[in-house]
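Contents: one structure, followed by commentary.
The values are calculated or read from the model by the stated rules, or taken from the named source; none is laboratory data. Treat the numbers as computed from the prediction; the structure is a model and nothing was measured. Note: ideal-geometry Cβ built from the backbone for every residue, glycine included; neighbour counts use all protein chains shown. Accessible surface areas use protein heavy atoms only, side chains included; no ligands, DNA or RNA. Shrake-Rupley method; radii C 1.70, N 1.55, O 1.52, S 1.80 Å.
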Amino acid sequence: MLHGKKIIVVMPAYFAEKTLEDCFNAIPQDIVDLVLLVDDASSDATIAVAQRLGIVTHRHARNQGYGANQKTCYANALAQGADIVVMLHPDYQYEPRLITAMAAMVASDVYDLVIGSRILGNTALAGGMPRYKYLANRVLTALQNLIVGSKLSEFHTGYRAFRASLLKELPLEANSDDFVFDTQFLAQAVHFGFRLGDVPVPVRYFDEASSINFVNSSIYAMKTLMAFVQWHAHRIGFKNELFEP
């Protein structure tokens with residue numbers, strides 16, 4: 001715990017058997033109360049590895065998508081009485097040891113949501129991020145900040161900490177079940193006036209780390225821009241369930 005807050009780490013998993021153990025072992029167990037993993041119908045040994053490590057597990061009977069996986073993660077974390085939830089990918093791309101810093105920023109009641117930024121500190125390219133993804137990240141983030149008036153260093157990281165009550169206040173069930181869920185989540189957080197912060201997080205890109213290909217990245221980029229077009233349309237009177245309380 002930090003400041004008397006129960007901290008739960010959630011891991012949305014898909015084919016994570018090769019990286020899960022290293023990732024889990026790097027989690028700061030002195031402040032984390034519980035680790036939950038939701039497996040999105042992987043056909044590998046992800047669940048077996050998680051159970052051997054003592055992680056609380058849940059498995060989707062069929063593949064439902066990254067966004068749907070997060071929805072299950074958050075429902076389970078709330079059911080376990082979380083005060084602070086940290087979403088960490090089990091592919092060991094992000095540095096788990098920084099959970100303490102990110103959770104502390106929320107536990108101190110300075111921020112409602114903190115993202116682990118690959119852009120701050122200039123570690124993305126050094127960590128192996130493909131250059132086209134880096135450039136796309138910078139362009140999309142600049143456009144998103146311009147549209148919503150925020151100043152986040154990036155909108156596309158999968159490493160986040162937030163107060164659990166935020167999960168009850170955002171209309172997350174209206175979000176997509178695929179990768180654009182992350183963008184919609186942040187757009188909603190900005191729309192409803194939550195306090196957002198970011199910290200630099202070094203990353204590792206390697207063969208076993210999950211990463212969407214160029215075609216899927218392009219589709220994601222288009223959906224990301226559409227989410228912010230919808231946000232702007234809602235602001236000028238075209239109602240959208242993504243931004244309705």
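Residues checked against (1) small (Gly, Ala, Ser); (2) open to solvent by less than 60 Å² (accessible area, probe 1.4 Å):
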site	(1), (2)
8	no, yes
15	no, no
29	no, no
33	no, no
42	yes, yes
46	no, yes
52	no, no
57	no, yes
60	no, yes
Restricting to region 133-163, and then to whatever is open to solvent by less than 10 Å² (accessible area, probe 1.4 Å) and small (Gly, Ala, Ser), can you tell me which residue is farthest from residue 227 (Cα to Cα)?
161
Helices (runs of 4 or more DSSP H) completely within region 149-245 that count 2 or more residues being at negative phi and touching a His at 6+ places or on another chain (Cβ under 9 Å)
181-191, 214-235
Identity of the residue in region 198-218, in contact with an Asp or Glu (Cβ under 9 Å, 6 or more places away or on another chain) and modelled with pLDDT of 80 or more, that ends up farthest from residue 164 (Cα to Cα):
204
Please determine whether any residue of region 115-128 is in a helix (DSSP H, G or I) and open to solvent by 20 Å² or more (accessible area, probe 1.4 Å).
no
If you go through 146, 172, the only one that is free of Cβ contacts under 8 Å to residues at least 12 places away in the same chain and more than 23 Å from residue 94 (Cα to Cα) is 146
In the set 182, 178, the lone residue that is among the acidic types (Asp, Glu) and surrounded by fewer than 22 Cβ atoms within 10 Å (Cβ to Cβ) is 178
Considering residues of region 75-90 that are under 23 Å from residue 174 (Cβ atoms) and over 11 Å from the mean Cα position of the chain (by Cα) only, the residue most open to solvent (accessible area, probe 1.4 Å):
79
